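Below: one structure, written as structure tokens.
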Amino acid sequence: MTELGHVLYVDDEPDIREIASLALAGVGGLRVTLCSSGAEALTEIPQALPDMILLDVMMPMMDGPAVMAKLREDPATAGIPVVFLTAKAQAAEMQSYLRLGALGVIAKPFDPLALADQLKALWRRRPA
């Protein structure tokens, strides 16, 4: 099993993107590609082909679940694991994202020192 190496992170908030990038690359040693919208992500992901996508749920124009649905329609991106990041972290919402096919759900605000380890743990538990 390969280790998690490249994460593409999608969030419309520049400050949160910056913190996540520092957390994933600086603390976690991961390669990170950043996108500021769902539309940008759908353009970038087929070229970047990340190991995992960390996807904000609430974004204008196209939310995280809509982005994931579009990714699942394309054979080139359908198998990339998606982890949602959300401020709406009640159990019912988190379960609904898992039912959509997300590998995991991480609550905002996230712990920058733990974020990479959380993603690596989800990566190790992903279905073969």
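The values are calculated or read from the model by the stated rules, or taken from the named source; none is laboratory data. Keep in mind that what you see is a predicted model, and the values were worked out from it rather than measured. Here the Cβ positions follow ideal geometry from the backbone for every residue, glycine too, while neighbour counts run over all protein chains shown.
Per the listing Ala20, Ala66, Ala76, Ala41, the residue uniquely modelled with pLDDT under 95 and among the hydrophobic types (A, V, I, L, M, F, W, C) is Ala76.
When residues in segment 113-128 are screened for being part of a loop (DSSP other than H, G, I, E, B) and either in contact with a Leu (Cβ under 7 Å, 6 or more places away or on another chain) or at positive phi (or both), 1 of them pass. For the list (1) hydroxyl-bearing (Ser, Thr, Tyr); (2) touching a Lys or Arg at 6+ places or on another chain (Cβ under 8 Å); (3) part of a loop (DSSP other than H, G, I, E, B), I need the number of the one condition that Tyr9 fails. Tyr9 satisfies every listed condition except (3).
The single condition from (1) surrounded by 19 or more Cβ atoms within 10 Å (Cβ to Cβ); (2) farther than 15 Å from Phe110 by Cβ; (3) of a type outside the set (Phe, Trp, Tyr) that Ala69 fails is (1). Of all the residues in segment 73-106, those that are of a type in the set (S, T, N, Q), assigned to a loop (DSSP other than H, G, I, E, B) and free of Cβ contacts under 8 Å to residues at least 24 places away in the same chain number 1. Which residues, taken from segment 1-43, are among the charged types (D, E, K, R) and surrounded by fewer than 16 Cβ atoms within 10 Å (Cβ to Cβ)? Scanning segment 1-43 gives Glu3, Glu13, Asp15, Glu18, Arg31, Glu40. Taking segment 44-57 as the range and being surrounded by fewer than 15 Cβ atoms within 10 Å (Cβ to Cβ) and part of a loop (DSSP other than H, G, I, E, B) as the test, only Leu49 passes.
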